[in-house]
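Visitor: Below are the structure tokens for one structure; questions will follow.
Bear in mind that the values in this text are calculations on the coordinates, not laboratory data. Computed from a prediction, not measured in an experiment: that's the story for all the values here. Cβ: placed from backbone, ideal geometry, glycine included. Neighbour counts: every protein chain shown.
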Amino acid sequence: MCPNSWDDKYGQQEFFYGKEPNTFLVENQNYFFKGARVLCLGEGEGRNSVYLASLGAEVTAVDGSSRGLDKLKLLANEKNVAVKAIHADLKDFKIEPLSWDFIISIWCHLPGDLRKKVFMSAEAGLVSGGYFILEAYTPKQLQFGTGGPKDLDLLMNKGKILQELPKLEIIEIEEIERVIREGVGHNGMSAVIQLVARKA
């Protein structure tokens, strides 16, 4: 899901969240393998999908901002990798069942009802042994104001995630505070939740 404001953010020459991949994703790079089918949700300007493609994964990135995806293509060309970019709102995008080795949700904050629908589809979309990897802001992030949405409904915590991803085996789930430096969009001490979960 991507309101028009995202086109405004991504319409600048600089990359709003920078070009470097999310550090939590990098910390979990050992899960990925060459040829892995990866779906990145709400991928924006593509820094994470391009990074995963550089590891040899076959990556599809979905986002509602055409300007964000234009910059994804520029970054992919710069890094000499291939990423399939799909311009779609997540309320309309269909995650095909049993199609993905990994589904990635990095800062993909959705309204509660839509998030439940997307998470349910993500569970079904993973193959057996597939992984769901997420980092998102928690309600405590409102105290820091260093990035992320201001709407409480869009923020996540352990309770929400455990309730909305009931069919996945939790490998790691943790609410922490950490410093994030990702372009101008995320900058400073932040309250986040990190998740690695696996489909049996």
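Visitor: Using Cα positions and a limit of under 18 Å, work out the lysines in reach of residue 79, with same-chain residues fewer than 8 apart set aside.
Guide: 19, 34, 71
Visitor: Sticking with this one: Karplus couplings for region 194-200 from phi (6.51 cos²θ - 1.76 cosθ + 1.60, θ = phi - 60°), rounded to Hz, Gly and Pro as x?
Guide: These are the phi-based 3J(HN,Hα) values: 10, 9, 10, 9, 10, 8, 5 Hz.
Visitor: Then there's this: Taking the Cα centre of the chain as origin, sum charge times position over the Cβ atoms of Lys and Arg (+1) and Asp and Glu (-1), and report the length of that vector in debye to the nearest 20.
Guide: So the dipole magnitude of the chain works out to roughly 200 debye.
Visitor: Roughly how many whole Å is it from the C-alpha centroid of region 19-55 to that of region 149-191?
Guide: What the calculation gives is 17 Å, centre to centre.
Visitor: Mind checking which lysines have their C-alpha under 20 Å from residue 116, skipping anything on the same chain fewer than 8 residues away?
Guide: 91, 94, 150, 158, 160, 167, 199
Visitor: What number, rounded to the nearest 500 deg cm²/dmol, is the helix-based mean residue ellipticity at 222 nm of the chain, given -39500 (n - 2.57) per DSSP H run of at least four residues and division by all its residues?
Guide: Helix-only estimate at 222 nm: -8000 deg cm²/dmol.
Visitor: Additional query: Considering every pair of different Cα atoms, what Kirkwood radius, in Å, is found for the chain?
Guide: Across the chain, the inverse of the average 1/r is 16.7 Å.
Visitor: On to the next question. Please report how far the C-alpha centroid of region 59-107 lies from that of region 122-138, rounded to the nearest whole angstrom.
Guide: 15 Å
Visitor: I would also like to ask the following. Rank by packing, highest mean first: peptides 101-110, 17-26, with packing defined as the count of other Cβ atoms within 10 Å averaged across residues.
Guide: The densest-packed peptide leads the list: 101-110, 17-26.
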